[in-house]
Protein chains: 2
Amino acid sequence: MSKVTFQIEGETPVIVGCNPGDNLLDLARRANVAIDAPCSGNGSCGKCRVKLVSGELESLKSRHICEEEYEAGWRLACCSKVLSDCVVFVPDIASAYQSRMKTADLSSPGEIAIFEDCQNHLHQSGIHFVNRFRAVTVSMAEPTLDDTMPDNERLTHALTEALGVERVEIPYCVMAKLAPALREHGFSLCVKGELLGDTFRCMEICAPEDTAIVGCAIDIGTTTVTMVLTDLCSGKLLAKGSSGNGQIRYGADVINRIIEQSRPGGRKKLQDAIIKETLVPVMVQLCRHAGISARSILRLSVGANTTMNHLLVGVDAQSVRMEPYVPSFFHWDGLLAGDLKLPANPLAPVLIAPNIGSYVGGDITAGTLAAGIWDKDEMSLFIDLGTNGELVFGNRDFLMSCACSAGPAFEGGDISCGMRATDGAVEACVIDRETMEPTPEIIGEEGQKPVGICGSGIIDLISELFRCGIINAKGLFVREGRRIRRDEHGMGRYVLAWPEESETGREIALNEVDIDNFIRAKGAIFSAIETLLHAVDMTVDMIDKVYVAGGIGSGINMKNAVNIGMFPDVELSKFHYIGNSSLSGAYAMVVSDEAARKTAEVAANMTYLELSTYPGYMDSFVAACFLPHTDARLFPHSLHE
Amino acid sequence: MSKVTFQIEGETPVIVGCNPGDNLLDLARRANVAIDAPCSGNGSCGKCRVKLVSGELESLKSRHICEEEYEAGWRLACCSKVLSDCVVFVPDIASAYQSRMKTADLSSPGEIAIFEDCQNHLHQSGIHFVNRFRAVTVSMAEPTLDDTMPDNERLTHALTEALGVERVEIPYCVMAKLAPALREHGFSLCVKGELLGDTFRCMEICAPEDTAIVGCAIDIGTTTVTMVLTDLCSGKLLAKGSSGNGQIRYGADVINRIIEQSRPGGRKKLQDAIIKETLVPVMVQLCRHAGISARSILRLSVGANTTMNHLLVGVDAQSVRMEPYVPSFFHWDGLLAGDLKLPANPLAPVLIAPNIGSYVGGDITAGTLAAGIWDKDEMSLFIDLGTNGELVFGNRDFLMSCACSAGPAFEGGDISCGMRATDGAVEACVIDRETMEPTPEIIGEEGQKPVGICGSGIIDLISELFRCGIINAKGLFVREGRRIRRDEHGMGRYVLAWPEESETGREIALNEVDIDNFIRAKGAIFSAIETLLHAVDMTVDMIDKVYVAGGIGSGINMKNAVNIGMFPDVELSKFHYIGNSSLSGAYAMVVSDEAARKTAEVAANMTYLELSTYPGYMDSFVAACFLPHTDARLFPHSLHE
């Protein structure tokens, strides 16, 4: 029996017993040490970098660890076997992806505008932002020897009078604290609850001045989780935060996570990773930030893909990827916050935006609601660039959807220096055609050094490299210069930042493998659009509007995206970036009973197109894996040397 | 810092740290070592006997410990201070009351008859034994590539068809295991749940052959807890068991327990004592005995006094005894088994028979339902002899109730050799007038040695002692003989069993203090009857029926009870012993929706008479504290020398 000590940057070390030959990543997982492993440990992504401090590991060499780094002790955890007692350093920023997850408050006027816009245009579609939750302050007479009505009857009488209801339901969690609450607050209380016809169901009792009733809308992406707290009366945003999805150490994509959850105890592990490690800390922080008690959260909503929904609920997701592809649920009412032990009122319903297929989930139905395309005459194309790509096309008469295996490149996955669109991400870039020097834009405060490149930055870089003739239509480097480097195998890369310029002390570059990965991703998107249009017998010029959603970054340059053949070459004015539409849709659902109903209706009426079996899709995909496309006539406005 | 090791007979020792001078009973409570202390530790009951094995205790001498016992190390825990590291033996049968609680299966044809009678006569009153819980086995088509309906929709369709309902609610606990359950059982399942109008609320899914749906009816007495499991379809009894109420170490009566629960952390301690220590073990054992899964228990009902109800729910009971006497609830719907973490379906409703006053609780409303007096023309007197005495008088036109502070003597409390009516209890006795030798009847198998005396045995003993002229009307010994002993203070006692004849090796006797305690108890009952009749302007001869309920024992000799002036001197044929009517009523409520509704109606229509402030009650009580009464004309049939 040996032991491994994980020295986690900024945290208490974790010691775990092991046998010689044990895989280091498996050990870390067993000990609940969070190490990124988007590829689920097959050595391909290079994100699980750790540094050997003492002891002996048997590690495979990897293209992700250069000679100097290997000398310094850097290893990939997934490619390392423990040979003796070891001490291993787990860096806080082991990769641009960040090994460990952070919670951030992202409030900004721009962020709020997206939700206000959503509320405004849904209002125009007849969706009112009202719901059945209430906070009502009641004052009761103090009991005397002549008025000995029990506490619960006293409260019931006060509430029937105040609300005009016939029945009042008092659950255990309220009953258990009613007597002291009444006496502490002089028989004056704020009661929070749900109005159901002629019945008021109490959910919480508070001091008379604590009248906050709060909704929590959550977008659970495969890579990133984002949520808002909102006032259930006004729809006003109270707090917003995000964090990496803690499941990422079980794989970057849904397939790897489904495989992980199928192992013994896997469902519990994956559920814990999303709930205990991800949602709970963010919710707790947002409650603190908004100055509200978690018990005031009376309803939650979730926009998430089918797999994430299954893993959240803890039901077997195996059926999502295995014949006959029968998931446990598409649309399911009946979940309560208490079932998942979320820091909210335990009786709060959790609305899950309905899934419509194995790979078109609630994030898309919620996003479709938010984009408003279900109520328009014009033909709209809705594109959600998450860890995968999903599309919806149609108008008020029909809606057709599909998913394509674009992979996680838009969120920085499968890209050596890729990262999410957070602080330190290069989100835009211009390259000088002559000097080939870059002018990057970095997310964060003045002086923020670059950490990596997010989706919109990669689009800009590839578009600019192509425009400047630095790479050819296949994504291979065809010019030489100071910024163009090649490794021992001759693979070219463009150095965006030298080691001394970056936050991590490592070079930030885009290499030919990265570019190839990204070209496949954009090719998957474009061919999916082509196929979807073909299926409804329409063409690119019939598209009236293109709504682009997802974590790719608000800085996405539509011109560059067309330039590389990712989006169809339509007028730039038709493009609209609508941010995280899954979150906007979840926000609408949590505040508005009508929006929640409408989302279910939209889901029920949406048709699902299975691309993998659609004739011609593979040909279309192969043709799209060039810059901009093998058929350049499709992109008359694409610029290149 | 010293430490005390509790060597608990038949269990693992418990070690607890302490400071010199700490009270031994307090230490035992802190360490969750169950030691009886019906008097809540004031030295009066003598039940908390422990034996010092090593170390030093400073103990007050007590009349409950004789010189030989003291020499042997016996001490009262409540009267002992720890002076050094100690080892203390806690006997399994430290007293006839039994220090520690036991679960027993009490099934017998006689027991079953009581419930069948209850069902039969309620049926005659128009109360049908049907309810809204269902078990339905559905078989579904297995999914194929052409039939990819999600699991929850598949189940919903099958259930709407099978039950003719419009909506099906699937809660988390069912959803979480639906996918594997369907696949394990070949898409054939038994679904258990609740039919609510046009909605079926699923509560549990099982193998198709597991169709048991079970109700659990619980009588929570201050001293004893008794429960039955019953088939919710047929009303058939599946198991019956009982146990001492684990709260007894916090006091024998409700007042001491209310005081204990008012201390910091007290509510939780008292709630744990009834739920974790008492109800859970009995329920688990009964489920095992009945061969059912706890999840099949779909409804529970509780018959308990107002204080027990408050302590069960964990709400402050202080108001039960303090002005203005406003309890948290009389009638409350809304409790679920999951709220209390009972071993049952977490969604199972827990019906609490409504209380009608601080000292007339749900045990009495449930008992009144079971006695059937609410539907009769004839005038009935219902007497429940629990740890206190409660009475109801009336017929279909009116019902009047009251409670009297009879104390726990009927269940063996406040009696030196008293015990509950379980194995080893002397439940009946005849005394030979000449020889003064007793012929006791002992509960248990052939050859069972006596452990103590239960309520019915005490009635017989006192009646026989009085009839034989051994004691006088004041309960003092006036004859001498082999069986009559006196202590150093001259206090007389009648020795029922010599030390070598008893199970415990201790003498079993009834002394003058015991007799005095019992006379006060029976006096309280009789004067309460007198006062209740007076309040409705009626007399003893207008009583058509007397229903006697409670844990006093089915062997109660009504003639002897009249003989000592406990019950009014009416024709013996008018008396009926109906056993544990709180349990029978709870049984009716759990099986029958109509019975549950009717109990609430009976409670709402019952009038409560407060005896303590009723003019003349105290005089009546004082007059009744003789054998049979100061006014012997009230008891023309009483026999005595």
Item to check | Point-to-point label distance, A:Met538-A:Asn120, nm (Cα→Cβ direction, 7 Å offset) | outcome: 2.6
Checklist outcome for this item: A correct Karplus calculation of ³J(HN,Hα) over the stretch A:24-35, with 6.51 cos²θ - 1.76 cosθ + 1.60, θ = phi - 60°, whole Hz and x for Gly and Pro, returns 5, 5, 4, 4, 4, 4, 4, 8, 6, 8, 7, 10
Next on the checklist: For Cα pairs less than 8 Å apart in space and 6+ apart in sequence, what is the mean separation divided by the residue count of chain A, i.e. the relative contact order in percent?
Outcome noted: 13
Item to check | Eligible lysines near A:Lys268 by straight Cα distance, threshold 16 Å, same-chain separation 8 or greater | outcome: A:Lys276, A:Lys341, B:Lys177
Checklist entry - Leaving out same-chain residues fewer than 8 places away, which aspartates and glutamates sit with a Cα under 18 Å from that of B:Lys3? => result B:Asp22, B:Asp26, B:Glu56, B:Glu58, B:Asp85
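Does the stretch B:2-90 come out rounded, prolate or oblate by the C-alpha gyration tensor, with a ≥ b ≥ c the root eigenvalues, rounded set by a/c under 1.5 and, if not, prolate when a/b is larger than b/c and oblate if not?
Details: a/c = 1.38, a/b = 1.28, b/c = 1.08.
The shape class here is rounded.
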Checklist entry - Under 17 Å from a point 7 Å along the Cα-to-Cβ line of A:Tyr325: which residues of the stretch A:519-536 have their amide N that close? => result A:528-529, A:531-532, A:535
Item to check | Label-to-label distance, nm, for residues given as B:Glu601 and B:Arg633 (7 Å Cα→Cβ offset) | outcome: 4.4
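Let me make sure I get this right: for the stretch B:133-206, a, b and c are the square roots of the gyration tensor eigenvalues over alpha carbons, sorted descending. Under 1.5 in a/c it's rounded, otherwise prolate if a/b > b/c, else oblate. Which is it?
Prolate shape, in that a/c is at least 1.5 and a/b is the bigger ratio.
Can you show me the helix-derived [θ] at 222 nm for chain B, built from DSSP H runs with n ≥ 4 at -39,500 (n - 2.57) apiece and divided by the number of residues, rounded to the nearest 500. List each step's numbers first, then the result.
Numbers: 17 runs with 180 residues, N = 641.
Value at 222 nm, helices only, nearest 500: -8500 deg cm²/dmol.
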Next on the checklist: Through the Karplus equation 6.51 cos²θ - 1.76 cosθ + 1.60, θ set to phi - 60°, convert the phi angles of the stretch A:479-487 into ³J(HN,Hα) values in whole Hz; use x for Gly and Pro.
Outcome noted: 10, 10, x, 4, 7, 9, 10, 9, 8
Checklist entry - Which ³J(HN,Hα) values, rounded to whole Hz and listed in residue order, are derived for the stretch B:237-249 from phi using the Karplus coefficients 6.51, -1.76 and 1.60 in 6.51 cos²θ - 1.76 cosθ + 1.60 with θ = phi - 60°, glycine and proline given as x? => result 6, 9, 6, 9, x, 8, 7, x, 6, x, 6, 4, 6
Checklist outcome for this item: Rounded to the nearest Å, the spacing of the alpha-carbon centers of the stretch B:400-423 and the stretch B:274-309 is 24
Checklist entry - From the residues A:Ala113, A:Ala521, A:Cys468, which one has its Cα farthest along the dipole of chain A in the positive direction, the dipole being from +1 and -1 charges on Cβ of Lys/Arg and Asp/Glu about the Cα centre? => result A:Ala521
Item to check | Selected from B:Thr12, B:Trp74, B:Ile35, residue furthest toward positive end of dipole (the stretch B:2-90; charges at beta carbon) | outcome: B:Ile35
Checklist entry - Any idea what the B:Thr199 label distances to the other copies are, label 7 Å down the Cα→Cβ vector, nm, shortest first? => result 0.6
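Relative contact order for the stretch A:279-425: what percent, with Cα pairs under 8 Å and sequence separation of 6 or more?
Details: 250 pairs, mean separation 25.5, N = 147.
Here the relative contact order equals 17 percent.
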Item to check | At 1.002 mPa s and 20 °C, Stokes D of the stretch A:149-302 from Kirkwood alpha-carbon radius, µm² per second | outcome: 121
Item to check | Partner lysines for A:Lys598 [C-alpha distance under 26 Å; skip if fewer than 8 residues away on the same chain] | outcome: A:Lys192, A:Lys236, A:Lys240, A:Lys376, A:Lys545, A:Lys574
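Kirkwood hydrodynamic radius (Cα pairs, Å) of the stretch B:412-511?
Details: mean 1/r = 0.0744 Å⁻¹.
This gives a value of 13.4 Å.
Given just the C-alpha atoms of chain A, how large is their convex hull per residue in cubic angstrom?
Measuring per residue, one finds 164 Å³ for the Cα hull of chain A.
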Checklist outcome for this item: Taking the label point 7 Å from Cα along the Cα-Cβ vector, the copy-to-copy distances for B:Asn395, listed from shortest in nm with one decimal, are 8.2
Checklist entry - So how strong a dipole does chain B carry about its Cα centre when Lys and Arg Cβ are +1 and Asp and Glu Cβ are -1, to the nearest 20 debye? => result 1180
Next on the checklist: For the rotation taking A to B, I'd like to know which residue in chain A has the C-beta closest to the axis, plus that distance in Å.
Outcome noted: A:Gly338, 4
Item to check | Among A:Met175, A:Ser243, A:Val320 the positive-end extreme of the charge dipole of chain A (Cβ point charges) | outcome: A:Val320
Next on the checklist: With +1 assigned to the C-beta of every Lys and Arg and -1 to the C-beta of every Asp and Glu, and no other charges, what is the dipole magnitude of the stretch B:537-612 about the Cα centre in debye, to the nearest 20?
Outcome noted: 280
Item to check | Cβ-vector label at 7 Å, A:Lys474, separations to other copies in nm | outcome: 12.1
Checklist outcome for this item: For A:Lys3, the residues 5 or more places away or on another chain with a placed amide H closer than 5 Å to its own amide H are A:Cys18, A:Asp85, A:Cys86
Checklist outcome for this item: Computed for the stretch A:361-452: size of charge dipole around the Cα centre, +1 on C-beta of each Lys and Arg, -1 on C-beta of each Asp and Glu, debye to nearest 20, value 240
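Of all DSSP beta bridges in chain B, what percent run antiparallel (nearest 5)?
Working: 72 of 106 bridges.
Here the antiparallel bridges make up roughly 70 percent for chain B.
What GluC sites (Glu not before Pro) does the stretch A:155-189 have in DSSP loop regions with at most 10 other beta carbons within 10 Å? Spell out each step's value before the answer.
Values: sites: A:Glu161, A:Glu166, A:Glu169, A:Glu184; in loops: A:Glu166.
In loop regions of the stretch A:155-189 (DSSP not H, G, I, E or B), the sparsely surrounded GluC sites (Glu not before Pro) are A:Glu166.
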Next on the checklist: Calculate the FRET efficiency for B:Ala72 and B:Arg30 from the Cβ-Cβ distance with a Förster distance of 22 Å, rounded to the nearest 0.05.
Outcome noted: 0.25
Checklist outcome for this item: A student applying the Cα gyration tensor rule (rounded when a/c is under 1.5; otherwise prolate if a/b is larger than b/c, oblate if not) would label the protein assembly as shown prolate
Checklist entry - Averaged over peptide B:153-166, how many Cβ atoms belonging to another chain are found within 10 Å of each residue's Cβ? => result 1
Checklist entry - Gap in Å between the Cα centre of the stretch B:130-201 and the Cα centre of the stretch B:548-602? => result 43
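Any chance you could run the full-extension gain for B:Met1 through B:Leu195? It's 0.36 nm times the residue separation minus the Cα-Cα distance, nm to one decimal.
Details: separation 194, 0.36 × 194 = 69.84 nm, distance 5.97 nm.
Length gained, B:Met1 through B:Leu195: 63.9 nm.
Read-outs throughout are calculated quantities, based only on the coordinates presented, and are distinct from any laboratory measurement. Quick caveat: nothing in here was measured; it's all calculated off a predicted structure. All Cβ positions, glycine included, derive from the backbone under ideal geometry; neighbour counts span all protein chains shown.
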